[in-house]
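So the structure is just underneath, and the comments pick up after that.
What follows is calculated from the coordinates using simple rules that are stated; it is not laboratory data. All of these numbers come straight from a predicted model, not from anything done at the bench. Ideal geometry is used to build each Cβ from the backbone, glycine not excepted, and the neighbour counts take in all protein chains shown.
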Amino acid sequence: MTDSRLASLHQACPDLRLKTDPADLEHYGRDWTRRWTPAPLAVALPSTVEQVQAVMRWSAEHAVAVVPSGGRTGLSGGAVAANGELVLSLERMNKAVAYDAVDRTMVVQAGMPLEALHNAAREHGLIYPVDFAARGSCTIGGNIATNAGGIRVIRYGNTREWVAGLKVVTASGELLELNKGLIKNSSGYDFRQLMIGSEGTLGVVVEATVRLTDPPPASNVMLLALPSFEVLMQVFAAFRARLQLQAFEFFTERALAHVLAHGAQPPFEQVHPYYVVTEFAAGDEAQEAAAMAAFEDCMTHGWVVDGVISASDAQAAQLWRLREGITEALAPHTPYKNDVSVRISAMPAFLERTQSLLRQAYPHFEVVWFGHIGDGNLHINILKPADTTSAEFVSQCEQVTRLLAQVLAEFDGSISAEHGIGLVKKGYLDSTRGAAEIALMKAVKQAFDPDGRLNPDKLFDP
Ligand code: 2HG
Ligand code: ZN
């Protein structure tokens with residue numbers, strides 16, 4: 001440990017685990033974007049809240065920036081440490097610390113993986129309903145940092161809805177206890193909600209009190225084949241009118257082709273241009289009949305040309321894999337990712353505009369569309385051609401994103417629906433947030449972190 005700042009951190013907090021091996025610096029210094037070269041000073045792995053407080057006091061004393069770090073599955077560069085920061089990994093603080101059957105809440109440390117929280121809730125006959133494909137690696141602290149959404153938002157909302165309290169260590173090392181699990185609390189500014197979605201720029205979330213709920217009724221999964229993009233919202237309306245939807249996700253033939261190339265089984269004999277995977281309550285005959293009626297209605301209108309319904313949990317998982325496997329299947333192609341949203345009512349017009357924009361803008365790049373269409377959230381992945389350098393590719397894509405951001409502004413949409421702004425989207429924040437709003441965001445940052453030590457460069461420039 002040659003760096004004198006690290007020697008004094010060790011002195012201030014002798015039990016704190018520190019890593020400085022080049023392989024660790026690389027591993028902990030980057031997220032799934034892989035666009036920046038990681039270069040942190042070191043990685044701290046605290047095991048207690050007190051250690052996190054000691055790290056923040058040390059950071060103040062030595063003017064070292066800190067990047068709070070969860071599972072680093074983020075897609076916006078929100079957990080990248082590329083400038084000599086200390087990575088503050090919460091991975092050792094990964095346990096459930098309390099459960100209250102009356103409140104139906106669980107207190108969990110921020111480094112707990114989402115899937116571990118799902119399992120812990122199930123042990124009490126309840127569920128934590130926020131869910132998405134990175135569940136095994138992402139952590140609840142990271143979910144809170146981006147107000148993570150995922151595949152069940154249509155039924156349960158985003159992470160924000162499920163956080164009843166937070167413990168947060170501030171830039172100066174104070175411990176804030178926010179909302180303390182209350183359902184009703186009309187006592188001024190709600191800093192808990194401010195912390196959710198703040199991407200580690202205002203404080204370090206160390207513990208969360210999350211709400212749990214009853215498991216959903218038995219459900220079925222259906223995969224639908226659609227002849228065109230134009231009918232997508234009609235199919236959504238037909239299903240939503242008749243069924244209690246748990247999920248309504250879409251993807252294109254290109255997306256499916258990549259997942260199949262990754263080893264999944266083709267769902268239909270024929271290839272179709274668009275697909276929907278939907279999950280809905282099917283606990284009784286009436287609900288099952290309603291599902292068939294929705295399907296037949298769509299077939300009669302020509303909005304759906306084929307379909308398959310899950311006959312077992314294993315088949316449901318197989319159908320889900322076709323949607324959930326997309327990110328992993330695309331990863332080898334170094335995709336440039338857009339994660340945009342508009343109101344559902346604006347979706348048909350927005351889709352038309354965006355499709356024609358991207359067709360013109362990307363004549364030579366493969367563009368893969370998928371997403372949580374029932375939430376008005378599209379993921380548009382542009383794949384890097386093998387013969388284009390990363391820098392050239394990103395710069396071309398950024399020019400198109402500027403045009404996309406203008407369309408989003410016209411539609412009152414968002415440049416980041418659920419992945420966060422991080423480093424990737426900060427150049428487009430003003431397409432979603434007004435100038436007065438951004439000025440106030442900066443004033444809030446100044447109040448919580450006057451020397452700009454918490455996750456610097458993310459969200460906006462000072
Ligand atoms: C999903 O919905 C994730 O699968 C990842 O938000 C989206 O890879 C993406 O662009
Ligand atoms: Zn998503």
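Key figures
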| quantity | calculated |
| --- | --- |
| D_trans [Stokes-Einstein, Kirkwood Rh over alpha-carbon pairs] for the range 163-211, 20 °C, 1.002 mPa s, µm² s⁻¹ | 197 µm²/s |
| Given charges at beta-carbon only (K, R positive; D, E negative), |dipole| of the range 338-462 in Debye | 120 debye |
| Neighbourhood charge, 14 Å Cβ-Cβ cut-off, centred on PRO456 and excluding it, Lys, Arg +1 and Asp, Glu -1 | -1 |
| The chain: calculated mean residue ellipticity at 222 nm from DSSP helix runs of at least 4, using -39500 (n - 2.57) | -10500 deg cm²/dmol |
| Highest average packing first - 452-458, 358-364, 229-235, Cβ atoms within 10 Å | 452-458, 229-235, 358-364 |
| Anisotropy class of the range 66-158 from Cα gyration tensor, a/c 1.5 cut | oblate |
| Rounded to 10°, Cα long-axis angle of helix 435-448 versus longest principal axis of the chain | 40 degrees |
| Helix 285-301 vs. the chain, principal-axis angle (Cα, 0 to 90°, nearest 10) | 70 degrees |
| 25 Å Cα-Cα reach of LYS384 towards lysines, excluding residues that sit fewer than 8 places from it in its own chain | LYS337, LYS425, LYS426, LYS458 |
| Label-zone membership for the range 395-423, site SER356, 7 angstrom Cα→C-beta point, backbone N under 20 Å | 400-413 |
| Peptides 4-17, 115-128 ordered by average Cβ neighbours within 10 Å, highest first | 115-128, 4-17 |
| Cα long-axis angle, helix 313-324 against the chain (0 to 90 degrees, to the nearest 10) | 70 degrees |
| Mean Cβ count within 10 Å, highest first, over the residues of peptides 381-394, 48-61, 260-273 | 48-61, 381-394, 260-273 |
| Straight-distance crosslink candidates among lysines, where the alpha carbon sits under 17 Å from LYS180 and sequence neighbours closer than 8 are dropped | LYS167 |
| Cleavage-rule hits, trypsin sites (Lys or Arg not before Pro), the range 151-255, DSSP coil, Cβ neighbours within 10 Å at most 15 | LYS180, LYS184 |
| FRET efficiency estimate (nearest 0.05) - Cβ-Cβ, GLN244 to ALA346, R0 35 angstrom | 0.90 |
